[in-house]
Each structure stands twice: as structure tokens, then as C-alpha cells.
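I have placed the structure first, in the form of C-alpha cells, so that the comments after it can refer back to it.
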Amino acid sequence: GAYLASSSTLFFTTIKCQALPFLSITYSLLCEKSKDKMSYSSSSKFPLLMPLMVACLIMAASGSNFHNEFDITWGDGRGKIVNNGEVLTLSLDKQSGSGFQSKNEYLFGKIDMQLKLVPGNSAGTVTAYYLSSKGTTWDEIDFEFLGNLSGDPYILHTNVFSQGKGNREQQFYLWFDPTTDFHTYSILWNPERIIFSVDDTPIREFKNMESIGVPFPKNQPMRIYSSLWNADDWATRGGLVKTDWTQAPFTASYRNFNADACVWSNGASSCKSNAPSSTTSTNNAWFSQEMDSAKQQRLHWVQQNYMIYNYCTDAKRFPQGLPSECKMS
């Protein structure tokens, strides 16, 4: 209602921006900025707003619909796609959790998803969001969110599997409450590195170190999976704190999925030679992306202040010596 005063043209444009809730947060902010400008501009300045209007409308084409991108695979109705495909929710009660998977398989890409985690007393619950291939020598790139008692922080657990071998855990606290609003969790996966990011802040990098004999996920296409499940035998304080089922159902929410990625179908990649057809495009910058100095500083800040476990410093766990990749870090 605050934007109806100027003219019918401005009213139409504002509604267009407001009607795009499925856009990524970057796009949403752009629309918000355009609305702000529109609300304070006279109709005589309308031509100046055209680039922002066009950006808002073009970006709508980039939005995703969960009905088109994902299948709910288990949970007997506890997983739901709502709001005309813009939001997906998973629920957990004493009988069952729930989960979904992507319709597509990917071989390299930048995957973004906004999540709002289980609020309140989430002890014993795990919300997993990850990429994984199949088979006994599978590859996997993991985000797992370990619930906790009310007031205690979530633990963000990360891991990388290559050719069936994991044991590469790093764990973090977050610098915000992940249950009060949506935040963006991203996986950048290209032939040279995997970068885990939270709200565009990198928290972990796993580099391709095949040159020293460390397998790297690069040959097996992976689907996106997510699940909400009970893991109170280990998730919170090593299993000491159990799930309080009087708080059920527990619910996690998802929105604004985006994949700039090479889709694998019928034994072939949508990208020529597993590379985007136009690597000069800014949309495909992820394929050769590495962290600049500012991102490296942010990574260092997170790891200095919020990392609570790093397998590369756990000498007791590896009495025969730390893994090879740790010695190169």
C-alpha cells in the first residue's frame, strides 16, 4: 500500500517486484531497491527506473519451482511443497522424518539453497543437505545441521567423501541464529576446488590434490538430497541429550533454490567437456572460480572464530599421521 501513491505505472511495477518471492536473495534485494526508488520518484523520472524494472522482470525467469526441481522421496506426507512451489518443508515426529532429492544429477556447479532450521529445542535432530552419488565408492559433499537445546547454538557439520572415503569433518558454530530467518547455504564445486559458504561467506575449502594422491570428486554425477531425521544417539553432546518428542513436529523450511550447474543426463553433461559452453559469462564464472583476497580473509575469520573441530588438527584420531591433504593446508 505504501507504493500506490505515485501513478498507476509505478503501482504495476511495484506489484511485479512483490510478486517474485521465489527469486534468490540477491534478486529480491534488487527489487526492494527498485521499490524504494519508485516510492520516492515522480512519474517524470520513470525512464530512469526502467533498468531496475527490467532486471526484476528478467530475473523472474531464473527463479525455480520446487515442483519442477525436486521429488519428496520419503516421510509419508511429512515433506510438503507449498506456496505454489516456492517453499518446501520437512517435518519430523516420533514416527518418521522426511526427505527429498533433486530430479537432476549434476557434475560440477554452484548450488544455493536458503534454509530456516528447526527452532527451539532441536536437540537430537539433524537436518542434512548434501550432494551425493551412488554406489560403494560414492562421492559426497555434506552440510549437516546438528540440533541443540534451546539457547545453545547449532553445530554446522561439513564433510567431503571421495571414492567412498570420508573422515574429513570440519564443524562450526554460526554467527547468527539459523532458526529465526532464512540463510543461504552454498556449495561451489568445480574441477579444482569445493567451497562451502554461508550467506556468501566461505567457511571451508577443499582443493583438488590428486597430484599428491588424494582422490577428488570429479567423475561421478551427484544429486542434491536433504532430510530431517532423529539422530539422538549421537547428534547432541554425543548422544547424551535426547530428542524431546513433546516439541514435535519439528520443521525445517527451504526456499530460493538455484543451480548454476552442468546437468548430467543419459550419460552426458549439458556442458561441453563438463565445462559451461560460455565460460566467459558471469553466470558460469563458478567453473574456474577461486577465492580472492577478501574471501580468503573471510574464510580465515570464520575458521579462527567459529570452527570447533578440524580433522586436520586431530592427531589422536590419526596416530599413523594426518591425512595427506592436511599436510598441504
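The values are calculated or read from the model by the stated rules, or taken from the named source; none is laboratory data. Remember, it's a predicted structure, so these values are computed and weren't measured experimentally. Cβ placement follows ideal geometry from the backbone for every residue including glycine, while neighbour counts extend to all protein chains displayed. Ligands, DNA and RNA are stripped out before the accessible areas are found, and what is left, the full protein with its side chains, is counted by its heavy atoms. Shrake-Rupley method; radii C 1.70, N 1.55, O 1.52, S 1.80 Å.
Overview of values
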quantity: Among the residues listed as L115, L131, L107, L146, the single one being closer than 18 Å to D232 by Cα and open to solvent by less than 20 Å² (accessible area, probe 1.4 Å); calculated: L146
quantity: Any chance G151 is in a loop (DSSP other than H, G, I, E, B), open to solvent by 30 Å² or more (accessible area, probe 1.4 Å) and in contact (Cβ under 8 Å) with a residue 40 or more places away in the chain; calculated: no
quantity: Of all residues in the range 234-251 being open to solvent by 30 Å² or more (accessible area, probe 1.4 Å) and not in a loop (DSSP other than H, G, I, E, B), the one that is farthest from Y311 (Cα to Cα); calculated: T246
quantity: The range 63-78 residues that are over 25 Å from K94 (Cβ atoms), paired with ones that are in a helix (DSSP H, G or I) and small (G, A, S) (beta carbon under 9 Å, 6 or more apart); calculated: S64/G85; N65/G85; F66/G85; H67/G85; N68/G85; E69/G85
quantity: Residue count for the range 200-233, restricted to those that are free of Cβ contacts under 8 Å to residues at least 40 places away in the same chain and either surrounded by 20 or more Cβ atoms within 10 Å (Cβ to Cβ) or among the β-branched types (V, I, T) (or both); calculated: 0
quantity: Number of the exception - H157 against (1) without any contact (Cβ under 8 Å) to a residue 40 or more places away in the chain; (2) touching a helix residue (DSSP H, G or I) at 6+ places or on another chain (Cβ under 6 Å); calculated: (2)
quantity: Inter-residue pairs, beta-carbon under 9 Å, first at positive phi and in the range 256-273, second of a type in the set (A, V, I, L, M) and modelled with pLDDT under 95, 6+ apart; calculated: N256/L23; N256/I25
quantity: Identity of the residue in the range 252-297, charged (D, E, K, R) and part of a strand (DSSP E or B), that ends up modelled with the highest pLDDT; calculated: R255
